[in-house]
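Read-outs: derived from the displayed coordinates by stated rules, not from any lab. What you are looking at is a predicted structure, and each value in this text was computed from that prediction instead of being measured. No Cβ is skipped: glycine too gets one built from the backbone with ideal geometry, and neighbour counts run over all protein chains shown.
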Amino acid sequence: MQIRRAAAADADAIFAMLERFATSYEPERNAFASSFAAMIKSQDVALFVADSGGTLAGYVMAVQFRTLFANGVVVQIEELFVEEAKRSAGTGRALVAAVVEWARQRGAVEVTVPTRRAGAYYERLGFERTAEYYHAVLAQV
């Protein structure tokens, strides 16, 4: 299993995973294509894939941003997906470790992750619960 930065050639496989992973939004291919192209070029986004012999087993997407309260850069994991057949094999752990290393290289002070379903998983990786997470869908506000 190799953890590497996502490339343009990974788009179809990542979109297929996203279709299985998405619970809050219906993935739209055109919106995905636009975002994906920007993300793989951005210095503020980490998009890593777990490559198992040319087949993607999972991906993680994280963003970095500056804060006032944390005294510097924070990296937030926004998406983590591992194919069901590859779960409990260290794939997710390896993807999160890649984000943590990326965050360290950028001088980040912390890595955060908003989740409602995977809290216990992140706690096993050393994260601690510190807050609740809220969002407003702008079309509804």
Net lengthening on full extension, Arg117/Ala38 (0.36 nm per residue, minus Cα-Cα): 25.7 nm
Candidates Val49, Val73, Val99: whichever shows maximal mean-square fluctuation once the chain is modelled as a Gaussian network with Cα springs under 10 Å: Val73
Size of charge dipole - segment 9-72 - debye, nearest 20, with Cβ of Lys, Arg +1 and Asp, Glu -1, no other charges: 220
For the chain: rounded, prolate or oblate by the Cα gyration tensor [a/c cutoff 1.5]: rounded
Segment 55-131: C-alpha gyration tensor shape, a/c 1.5 cut-off, then a/b vs b/c: prolate
Modelled FRET efficiency - R0 35 Å, Ala89 with Glu110, Cβ distances, 0.05 increments: 0.80
In nm, spacing of pseudo-spin labels at Glu28 and Phe15 (7 Å Cα→C-beta vector): 1.4
Residue range of the chain that is longest and free of chymotrypsin sites (Phe, Trp or Tyr not before Pro) which are both DSSP loop and sparsely packed (at most 16 other C-beta within 10 Å): 70-132
Debye, to nearest 20: dipole size of the chain, +1 on Lys, Arg Cβ, -1 on Asp, Glu Cβ: 300
